[in-house]
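Only one structure is covered here, and it is reproduced in the block below.
What follows is calculated from the coordinates using simple rules that are stated; it is not laboratory data. Since this is a predicted model, take the numbers as computed values, not measurements. Reconstructed Cβ throughout: ideal geometry from the backbone, glycine too, with neighbour counts over all protein chains shown.
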Amino acid sequence: MILETDQALMDRERSNELPKLQVSFIDSICMPIYEAIVQVSPNFEPLLKGCKRNRTCWLILSENGEVDHSLYGLNDE
């Protein structure tokens, strides 16, 4: 599973899968870590909130189905 995910991240032909992969990574790796850190020290709550906002952005992109491949949203033209 991890190898397949890594391959998808590096494959330009599969770049449309990136938002979905990011949501999966956040759900399986990032959120549990941040939630555990916040339980130890509530001072880290802003990190958890940032992770949730980041997930929301990637989720919107994955539902939209379109990925902007240009640098910072600028076209090469």
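Could you sort 16-23, 44-51 so that the peptide with the highest average Cβ count within 10 Å comes first and the rest follow in order?
16-23, 44-51
Explain nothing, just the number: relative contact order of the range 17-65, from Cα pairs under 8 Å at least 6 residues apart, as a whole percent. Let's see the in-between values first.
Numbers: 29 pairs, mean separation 26.7, N = 49.
Over the range 17-65, the number comes to 54 percent.
What list of ³J(HN,Hα) values in whole Hz, one per residue of the range 47-57 in order, does the Karplus curve 6.51 cos²θ - 1.76 cosθ + 1.60 (θ = phi - 60°) give from phi, with Gly and Pro shown as x?
Values, residue by residue: 5, 5, 4, x, 5, 5, 5, 4, 4, 4, 4 Hz.
If each of A36 and E63 carries a label point 7 Å out from its Cα toward its Cβ, how far apart are those two points in nm?
Result for the modelled spin labels: 3.0 nm.
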